[in-house]
């Protein structure tokens, strides 16, 4: 594992929070950002909402490593790029993170981090849910950008 997995997952877990089942959130019920379906598939087949609520941080981190860090090949990314790309993957999906990474592949690490930031903010601003979630997404992205730039 690249040295940045632990700072990245620690950051992301701060923003994914605990158990949430927000009305209007298409992700449905999650704990630490992990859906019940993912928890059932990776940790405990037949898990209930109570099981999801009791999920440990270590279990969430293992899921994040397997389904996000590895799937975006973060170990091969430059320091800082790995952090922001990982948070994008968790928050917006691996497919979108890969798309953004492909669009920024020719850039140097600092410029790439800045462009990934701009792509994510631009995408969020176009969503119908921006009015409801935009302030929180902006706080998260501002903090993620700062962390990623410190790592470049």
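FYI, it's all coordinate maths here, none of it is from the lab. Since this is a predicted model, take the numbers as computed values, not measurements. Cβ atoms come from the backbone with ideal geometry, glycine included; neighbour counts cover every protein chain shown.
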Worksheet entry | Helix-only [θ]222 nm of the chain, DSSP H runs n ≥ 4, -39500 (n - 2.57) each, per residue, nearest 500 | -19000 deg cm²/dmol
Discussion item. Can you compute the label reach from residue 22? Point 7 Å from Cα along the Cβ direction, backbone N cut-off under 11 Å, restricted to region 114-137.
Written reply: 129-137
Discussion item. Taking the Cα centroid of region 78-97 and of region 120-139, what is the distance between the two, rounded to the nearest whole Å?
Written reply: 16 Å
Worksheet item: Kirkwood Rh, Cα Rg: Rg to Rh for the chain?
Response: 0.96
Worksheet item: Angle, helix 109-125 long axis vs. longest principal axis of the chain, Cα atoms, 0 to 90°, nearest 10?
Response: 50 degrees
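Set the Förster radius R0 to 35 Å, insert the Cβ-Cβ distance between residue 149 and residue 35 as r into 1/(1 + (r/R0)^6), and round the FRET efficiency to 0.05.
On the way: r = 30 Å, r/R0 = 0.86.
So the FRET efficiency works out to roughly 0.70.
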Discussion item. If packing is taken as the average number of other Cβ atoms within 10 Å across a peptide's residues, how do 47-59, 28-40 rank, most packed first?
Written reply: 28-40, 47-59
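Answer rounded, prolate or oblate for region 64-118, using the Cα gyration tensor with square roots of eigenvalues a ≥ b ≥ c: rounded when a/c is under 1.5, else prolate when a/b is larger than b/c, else oblate.
prolate
When only C-alpha pairs under 8 Å and at least 6 residues apart count, what is the relative contact order of the chain, in percent?
21 percent.
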